[in-house]
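Below: one structure, written as C-alpha coordinates.
The values are calculated or read from the model by the stated rules, or taken from the named source; none is laboratory data. Fair warning: this is a prediction, and the values are worked out from it, not measured in the lab. Note: ideal-geometry Cβ built from the backbone for every residue, glycine included; neighbour counts use all protein chains shown. Calculation scope for accessible area: heavy atoms of the full protein, side chains included, ligands and nucleic acids excluded. Shrake-Rupley method; radii C 1.70, N 1.55, O 1.52, S 1.80 Å.
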Amino acid sequence: ELNKSIYWMPDYAGSRQFDSWLANLRDNCITRQRTWGTPFPVWKCESCGELTVIGSREDIISNGGKVPEDLHPPWIDGVTFKCKCGGTKKRIHGILDVWIDAGSTSWNCLDYPPNQGLFDLMYPADFILEGIDQVRGWFNMLFVASMVSMQRPSFKAVYMHGFINDALGRKMSKSLGNYILPEEVVRKFGNDAFRYYMIGATNPGLDLNYNMEDLKIKIRNLGVLWNLNELLVSSARLAGINPSKLSPKKFDIEDRFMLSKLNSTIVHTTEMYEKYRLNEIPWAVEELYLSLSRDYVRLVRDKLNLGEQAEKEKVLYVMYSVLTGTIKLFAPVCPYITESIYQNLKKGFELEEESIHL
(Lines give C-alpha, C1' and ligand atoms only; values in the text may rest on other atoms or scores of the structure.)
Protein backbone atom coordinates (compact mmCIF):
# COMPACT_ATOMS: atom_id res chain seq x y z
CA GLU A 1 0.00 0.00 0.00
CA LEU A 2 2.78 2.45 0.87
CA ASN A 3 4.52 1.78 -2.43
CA LYS A 4 1.58 3.60 -4.03
CA SER A 5 2.74 6.80 -2.30
CA ILE A 6 6.14 6.65 -4.03
CA TYR A 7 6.57 8.51 -7.34
CA TRP A 8 8.05 6.10 -9.90
CA MET A 9 9.55 7.11 -13.24
CA PRO A 10 8.63 5.29 -15.38
CA ASP A 11 5.27 4.61 -13.72
CA TYR A 12 5.17 0.93 -14.70
CA ALA A 13 8.36 0.27 -12.70
CA GLY A 14 6.46 0.89 -9.48
CA SER A 15 2.89 -0.01 -10.38
CA ARG A 16 3.78 -3.32 -12.06
CA GLN A 17 7.36 -4.47 -11.52
CA PHE A 18 8.04 -3.38 -7.95
CA ASP A 19 4.46 -3.93 -6.80
CA SER A 20 4.57 -7.49 -8.11
CA TRP A 21 7.90 -8.08 -6.39
CA LEU A 22 6.53 -6.85 -3.05
CA ALA A 23 3.37 -8.95 -3.39
CA ASN A 24 5.54 -12.08 -3.69
CA LEU A 25 8.25 -11.00 -1.26
CA ARG A 26 10.40 -13.75 0.22
CA ASP A 27 12.72 -13.82 3.22
CA ASN A 28 16.02 -12.05 2.72
CA CYS A 29 19.42 -13.40 3.75
CA ILE A 30 20.90 -11.53 6.74
CA THR A 31 24.40 -13.01 7.04
CA ARG A 32 27.20 -14.22 4.79
CA GLN A 33 30.06 -16.50 5.78
CA ARG A 34 32.84 -14.28 4.53
CA THR A 35 35.75 -12.48 6.15
CA TRP A 36 35.45 -8.82 5.21
CA GLY A 37 32.42 -6.62 5.79
CA THR A 38 30.20 -5.34 8.57
CA PRO A 39 30.39 -7.94 11.37
CA PHE A 40 27.08 -9.55 12.30
CA PRO A 41 26.44 -7.65 15.57
CA VAL A 42 24.69 -10.37 17.59
CA TRP A 43 26.21 -12.17 20.59
CA LYS A 44 24.78 -15.49 21.84
CA CYS A 45 25.21 -17.10 25.22
CA GLU A 46 26.84 -20.53 24.98
CA SER A 47 24.83 -21.76 27.97
CA CYS A 48 21.27 -20.37 27.76
CA GLY A 49 21.18 -19.09 24.18
CA GLU A 50 20.19 -15.51 25.08
CA LEU A 51 20.91 -13.00 22.31
CA THR A 52 22.33 -9.47 22.61
CA VAL A 53 22.42 -7.05 19.67
CA ILE A 54 25.28 -4.54 19.79
CA GLY A 55 24.83 -1.24 17.99
CA SER A 56 27.89 0.80 18.93
CA ARG A 57 31.19 1.01 20.80
CA GLU A 58 29.19 2.34 23.77
CA ASP A 59 27.05 -0.82 23.72
CA ILE A 60 30.20 -2.95 23.98
CA ILE A 61 31.36 -1.00 27.01
CA SER A 62 27.96 -0.98 28.72
CA ASN A 63 27.78 -4.77 28.36
CA GLY A 64 31.15 -5.14 30.03
CA GLY A 65 33.27 -5.73 26.97
CA LYS A 66 36.51 -4.18 25.80
CA VAL A 67 36.47 -2.22 22.53
CA PRO A 68 39.13 -3.44 20.05
CA GLU A 69 41.04 -1.00 17.84
CA ASP A 70 39.37 -2.48 14.75
CA LEU A 71 35.72 -3.50 14.86
CA HIS A 72 36.03 -5.91 11.91
CA PRO A 73 36.71 -9.65 12.11
CA PRO A 74 38.86 -11.20 13.48
CA TRP A 75 39.44 -8.52 16.15
CA ILE A 76 35.76 -8.16 17.05
CA ASP A 77 35.60 -11.92 17.66
CA GLY A 78 37.74 -11.43 20.75
CA VAL A 79 34.97 -9.41 22.41
CA THR A 80 32.88 -11.48 24.85
CA PHE A 81 30.25 -10.65 27.47
CA LYS A 82 29.15 -12.29 30.69
CA CYS A 83 25.56 -13.54 30.59
CA LYS A 84 23.21 -13.27 33.58
CA CYS A 85 23.04 -17.07 33.64
CA GLY A 86 26.78 -17.17 34.29
CA GLY A 87 27.71 -18.24 30.80
CA THR A 88 29.69 -16.38 28.15
CA LYS A 89 28.23 -14.57 25.15
CA LYS A 90 30.23 -14.82 21.94
CA ARG A 91 29.61 -13.19 18.59
CA ILE A 92 27.75 -15.28 16.03
CA HIS A 93 30.19 -15.71 13.17
CA GLY A 94 29.59 -14.12 9.78
CA ILE A 95 29.19 -10.68 8.33
CA LEU A 96 26.04 -8.81 7.48
CA ASP A 97 24.87 -9.42 3.94
CA VAL A 98 25.94 -6.39 1.87
CA TRP A 99 22.32 -5.64 1.02
CA ILE A 100 21.66 -4.98 4.70
CA ASP A 101 24.33 -2.28 4.50
CA ALA A 102 22.78 -0.94 1.30
CA GLY A 103 19.26 -1.09 2.71
CA SER A 104 20.13 0.88 5.83
CA THR A 105 22.13 3.51 3.93
CA SER A 106 19.25 5.97 4.02
CA TRP A 107 19.71 6.60 7.74
CA ASN A 108 23.29 5.39 8.25
CA CYS A 109 24.55 8.21 6.01
CA LEU A 110 22.69 10.70 8.23
CA ASP A 111 24.42 9.37 11.39
CA TYR A 112 21.10 8.19 12.79
CA PRO A 113 20.21 7.35 15.56
CA PRO A 114 22.97 9.48 17.24
CA ASN A 115 22.08 12.52 15.09
CA GLN A 116 18.33 13.01 15.36
CA GLY A 117 18.37 16.53 13.88
CA LEU A 118 19.86 15.58 10.53
CA PHE A 119 17.49 12.62 10.30
CA ASP A 120 14.43 14.79 10.92
CA LEU A 121 15.62 17.26 8.30
CA MET A 122 16.55 14.89 5.47
CA TYR A 123 14.71 11.58 5.89
CA PRO A 124 13.19 10.15 3.75
CA ALA A 125 15.23 10.88 0.60
CA ASP A 126 13.47 13.00 -2.03
CA PHE A 127 14.89 10.99 -4.89
CA ILE A 128 16.91 7.86 -5.70
CA LEU A 129 18.16 6.53 -9.03
CA GLU A 130 19.32 3.09 -10.20
CA GLY A 131 18.94 0.47 -12.94
CA ILE A 132 16.20 -2.02 -13.72
CA ASP A 133 18.06 -4.83 -11.92
CA GLN A 134 17.57 -3.05 -8.58
CA VAL A 135 13.85 -3.82 -8.33
CA ARG A 136 14.96 -6.96 -6.50
CA GLY A 137 18.12 -5.31 -5.12
CA TRP A 138 18.63 -1.82 -3.80
CA PHE A 139 15.08 -0.49 -4.31
CA ASN A 140 13.80 -3.56 -2.51
CA MET A 141 16.22 -3.48 0.42
CA LEU A 142 15.92 0.27 1.02
CA PHE A 143 12.15 -0.18 1.15
CA VAL A 144 12.11 -3.35 3.25
CA ALA A 145 14.71 -2.12 5.77
CA SER A 146 12.83 1.14 6.38
CA MET A 147 9.46 -0.64 6.60
CA VAL A 148 10.79 -3.17 9.13
CA SER A 149 12.52 -0.53 11.27
CA MET A 150 10.36 2.59 10.82
CA GLN A 151 7.13 1.49 9.11
CA ARG A 152 7.56 3.99 6.28
CA PRO A 153 9.38 4.23 2.95
CA SER A 154 12.89 5.69 2.89
CA PHE A 155 12.47 7.46 -0.47
CA LYS A 156 9.78 9.59 -2.09
CA ALA A 157 10.67 9.24 -5.78
CA VAL A 158 12.59 6.83 -8.00
CA TYR A 159 14.07 7.17 -11.48
CA MET A 160 14.79 3.74 -12.95
CA HIS A 161 17.11 3.54 -15.96
CA GLY A 162 18.07 0.64 -18.21
CA PHE A 163 21.39 -0.96 -19.11
CA ILE A 164 24.07 0.30 -21.49
CA ASN A 165 24.58 -1.69 -24.70
CA ASP A 166 26.87 -1.08 -27.66
CA ALA A 167 25.76 0.87 -30.74
CA LEU A 168 24.24 -2.32 -32.23
CA GLY A 169 22.20 -3.02 -29.10
CA ARG A 170 24.44 -5.85 -27.92
CA LYS A 171 25.38 -6.32 -24.27
CA MET A 172 28.86 -4.94 -23.60
CA SER A 173 31.32 -7.74 -22.84
CA LYS A 174 35.04 -8.42 -22.85
CA SER A 175 34.62 -11.47 -25.09
CA LEU A 176 33.03 -9.34 -27.82
CA GLY A 177 35.50 -6.54 -27.24
CA ASN A 178 32.67 -4.01 -27.43
CA TYR A 179 32.77 -2.58 -23.92
CA ILE A 180 33.64 1.04 -23.15
CA LEU A 181 34.79 2.16 -19.72
CA PRO A 182 33.26 5.40 -18.39
CA GLU A 183 36.79 6.54 -17.49
CA GLU A 184 37.80 6.36 -21.15
CA VAL A 185 34.96 8.64 -22.21
CA VAL A 186 35.54 11.11 -19.38
CA ARG A 187 39.27 11.24 -20.05
CA LYS A 188 38.76 11.88 -23.76
CA PHE A 189 35.65 14.05 -23.81
CA GLY A 190 35.13 15.35 -20.27
CA ASN A 191 32.60 14.83 -17.50
CA ASP A 192 29.96 17.20 -18.83
CA ALA A 193 29.79 15.69 -22.31
CA PHE A 194 29.39 12.23 -20.77
CA ARG A 195 26.60 13.38 -18.43
CA TYR A 196 24.89 15.46 -21.13
CA TYR A 197 24.74 12.52 -23.51
CA MET A 198 23.86 9.82 -20.98
CA ILE A 199 21.02 11.70 -19.27
CA GLY A 200 19.20 12.55 -22.49
CA ALA A 201 20.06 9.51 -24.60
CA THR A 202 17.04 7.32 -23.83
CA ASN A 203 13.75 7.14 -21.96
CA PRO A 204 13.61 5.93 -18.34
CA GLY A 205 13.55 2.16 -17.96
CA LEU A 206 14.92 1.54 -21.45
CA ASP A 207 18.38 0.33 -22.41
CA LEU A 208 20.81 2.79 -23.99
CA ASN A 209 22.65 1.85 -27.18
CA TYR A 210 25.87 3.80 -26.67
CA ASN A 211 26.77 5.75 -29.79
CA MET A 212 30.01 7.74 -29.99
CA GLU A 213 28.71 9.88 -32.86
CA ASP A 214 25.79 11.10 -30.75
CA LEU A 215 28.22 11.97 -27.97
CA LYS A 216 30.30 14.05 -30.39
CA ILE A 217 27.21 16.09 -31.29
CA LYS A 218 26.78 16.96 -27.61
CA ILE A 219 30.42 18.04 -27.45
CA ARG A 220 29.89 20.38 -30.42
CA ASN A 221 26.79 21.80 -28.77
CA LEU A 222 28.71 22.48 -25.56
CA GLY A 223 31.17 24.40 -27.74
CA VAL A 224 28.26 26.59 -28.93
CA LEU A 225 27.28 27.25 -25.31
CA TRP A 226 30.84 28.22 -24.42
CA ASN A 227 31.11 30.52 -27.45
CA LEU A 228 27.91 32.33 -26.42
CA ASN A 229 29.51 33.10 -23.08
CA GLU A 230 32.66 34.44 -24.73
CA LEU A 231 30.64 36.50 -27.23
CA LEU A 232 28.57 38.06 -24.45
CA VAL A 233 31.53 38.98 -22.25
CA SER A 234 33.66 40.37 -25.08
CA SER A 235 30.79 42.33 -26.67
CA ALA A 236 29.80 43.85 -23.34
CA ARG A 237 33.40 44.83 -22.67
CA LEU A 238 33.74 46.52 -26.07
CA ALA A 239 30.48 48.40 -25.60
CA GLY A 240 31.29 49.38 -22.01
CA ILE A 241 27.98 47.87 -20.83
CA ASN A 242 27.17 45.71 -17.80
CA PRO A 243 23.99 43.85 -18.84
CA SER A 244 23.34 42.59 -15.30
CA LYS A 245 22.58 46.20 -14.29
CA LEU A 246 20.13 46.88 -17.15
CA SER A 247 16.32 46.84 -17.19
CA PRO A 248 15.14 47.91 -20.66
CA LYS A 249 11.46 48.82 -21.04
CA LYS A 250 10.93 48.34 -24.79
CA PHE A 251 11.94 45.39 -26.93
CA ASP A 252 11.86 44.57 -30.62
CA ILE A 253 10.09 41.45 -31.89
CA GLU A 254 13.24 39.30 -31.97
CA ASP A 255 14.00 40.32 -28.35
CA ARG A 256 10.47 39.42 -27.26
CA PHE A 257 10.72 36.09 -29.10
CA MET A 258 13.93 35.15 -27.30
CA LEU A 259 12.76 36.26 -23.86
CA SER A 260 9.48 34.41 -24.40
CA LYS A 261 11.39 31.27 -25.36
CA LEU A 262 13.51 31.61 -22.22
CA ASN A 263 10.50 31.87 -19.94
CA SER A 264 8.54 29.07 -21.59
CA THR A 265 11.64 26.87 -21.28
CA ILE A 266 11.95 27.74 -17.58
CA VAL A 267 8.33 26.72 -17.00
CA HIS A 268 8.66 23.54 -19.07
CA THR A 269 12.01 22.48 -17.61
CA THR A 270 10.89 23.15 -14.03
CA GLU A 271 7.91 20.88 -14.62
CA MET A 272 10.20 18.16 -16.00
CA TYR A 273 12.52 18.40 -13.00
CA GLU A 274 9.61 18.19 -10.58
CA LYS A 275 8.14 15.18 -12.39
CA TYR A 276 11.57 13.52 -12.81
CA ARG A 277 11.37 13.45 -16.61
CA LEU A 278 15.14 13.77 -16.45
CA ASN A 279 15.90 12.49 -19.94
CA GLU A 280 13.87 15.30 -21.55
CA ILE A 281 15.65 18.14 -19.73
CA PRO A 282 18.87 18.25 -21.81
CA TRP A 283 16.86 18.50 -25.04
CA ALA A 284 14.74 21.43 -23.82
CA VAL A 285 17.74 23.40 -22.57
CA GLU A 286 19.70 22.57 -25.70
CA GLU A 287 16.91 23.92 -27.88
CA LEU A 288 16.99 27.18 -25.89
CA TYR A 289 20.71 27.95 -26.17
CA LEU A 290 20.96 26.75 -29.78
CA SER A 291 18.11 29.11 -30.64
CA LEU A 292 19.98 31.92 -28.88
CA SER A 293 23.01 31.21 -31.07
CA ARG A 294 21.41 30.27 -34.39
CA ASP A 295 18.35 32.51 -34.38
CA TYR A 296 18.73 35.48 -32.06
CA VAL A 297 22.44 36.27 -32.42
CA ARG A 298 22.18 36.06 -36.22
CA LEU A 299 19.20 38.42 -36.24
CA VAL A 300 20.82 41.04 -33.99
CA ARG A 301 24.46 40.80 -35.09
CA ASP A 302 24.33 44.16 -36.88
CA LYS A 303 22.77 45.85 -33.86
CA LEU A 304 25.41 44.34 -31.61
CA ASN A 305 28.27 45.50 -33.80
CA LEU A 306 27.00 48.70 -35.42
CA GLY A 307 23.86 49.74 -33.53
CA GLU A 308 23.17 52.66 -31.25
CA GLN A 309 23.99 52.35 -27.55
CA ALA A 310 20.33 51.68 -26.67
CA GLU A 311 20.16 48.87 -29.25
CA LYS A 312 23.33 47.29 -27.90
CA GLU A 313 21.94 47.46 -24.36
CA LYS A 314 18.78 45.60 -25.38
CA VAL A 315 20.71 42.90 -27.23
CA LEU A 316 23.21 42.38 -24.42
CA TYR A 317 20.43 42.32 -21.83
CA VAL A 318 18.59 39.60 -23.76
CA MET A 319 21.76 37.58 -24.32
CA TYR A 320 22.70 37.87 -20.65
CA SER A 321 19.20 36.94 -19.45
CA VAL A 322 18.96 33.89 -21.71
CA LEU A 323 22.50 32.68 -21.03
CA THR A 324 22.19 32.99 -17.25
CA GLY A 325 18.76 31.34 -17.40
CA THR A 326 20.24 28.54 -19.50
CA ILE A 327 23.10 27.75 -17.15
CA LYS A 328 20.78 27.76 -14.12
CA LEU A 329 18.55 25.20 -15.81
CA PHE A 330 21.51 23.22 -17.11
CA ALA A 331 23.68 23.18 -13.97
CA PRO A 332 22.45 19.80 -12.63
CA VAL A 333 23.10 18.18 -16.02
CA CYS A 334 26.45 19.81 -16.85
CA PRO A 335 27.79 21.17 -13.54
CA TYR A 336 31.33 21.95 -14.70
CA ILE A 337 30.88 24.03 -17.84
CA THR A 338 27.96 25.92 -16.31
CA GLU A 339 30.09 26.79 -13.28
CA SER A 340 32.98 27.86 -15.51
CA ILE A 341 30.66 30.09 -17.57
CA TYR A 342 29.18 31.56 -14.42
CA GLN A 343 32.62 32.43 -13.07
CA ASN A 344 33.33 34.27 -16.34
CA LEU A 345 30.08 36.22 -15.99
CA LYS A 346 30.70 36.83 -12.29
CA LYS A 347 34.10 38.32 -13.02
CA GLY A 348 32.94 40.29 -16.06
CA PHE A 349 29.71 41.65 -14.61
CA GLU A 350 30.46 41.81 -10.86
CA LEU A 351 27.83 39.23 -9.87
CA GLU A 352 27.31 38.53 -6.18
CA GLU A 353 26.51 34.81 -5.90
CA GLU A 354 29.61 32.67 -5.43
CA SER A 355 28.48 29.82 -7.70
CA ILE A 356 25.86 28.92 -10.30
CA HIS A 357 24.84 26.09 -7.95
CA LEU A 358 23.85 28.67 -5.35
Please determine, by comparing only the residues of the range 127-153 that are open to solvent by less than 60 Å² (accessible area, probe 1.4 Å) and not in a helix (DSSP H, G or I), which one is farthest from PHE163 (Cα to Cα). PRO153
Out of ASN203, ASN191, ASN178, ASN165, I need the residue that is over 19 Å from the mean Cα position of the chain (by Cα), under 27 Å from TYR276 (Cα atoms) and polar (S, T, N, Q). Which one? ASN165
Pairs needed: first member in the range 66-86, free of Cβ contacts under 8 Å to residues at least 24 places away in the same chain; second member anywhere, of a type in the set (Phe, Trp, Tyr); C-beta distance under 7 Å; at least 6 residues apart or different chains. PRO68/TRP75; GLU69/TRP75
Out of the residues in the range 87-103 that are of a type outside the set (A, V, I, L, M, F, W, C) and at pLDDT below 95, which is nearest to ASN63 (Cα to Cα)? HIS93
Go through the range 83-116 and give me each residue that's open to solvent by less than 50 Å² (accessible area, probe 1.4 Å) and in a helix (DSSP H, G or I). ILE100, ALA102, GLY103, SER106, TRP107
Identify all residues within the range 20-38 that are surrounded by 15 or more Cβ atoms within 10 Å (Cβ to Cβ) and among the charged types (D, E, K, R); write none if there are none. ARG32
How about the range 39-82: which of its residues are hydroxyl-bearing (Ser, Thr, Tyr) and open to solvent by less than 50 Å² (accessible area, probe 1.4 Å)? THR52, SER56
Under the condition of being touching a Leu at 6+ places or on another chain (Cβ under 6 Å) and assigned to a loop (DSSP other than H, G, I, E, B), which residue from the range 21-55 is modelled with the lowest pLDDT? THR38
Filter pass, GLY117 being of a type in the set (Gly, Ala, Ser) and free of Cβ contacts under 8 Å to residues at least 12 places away in the same chain: yes
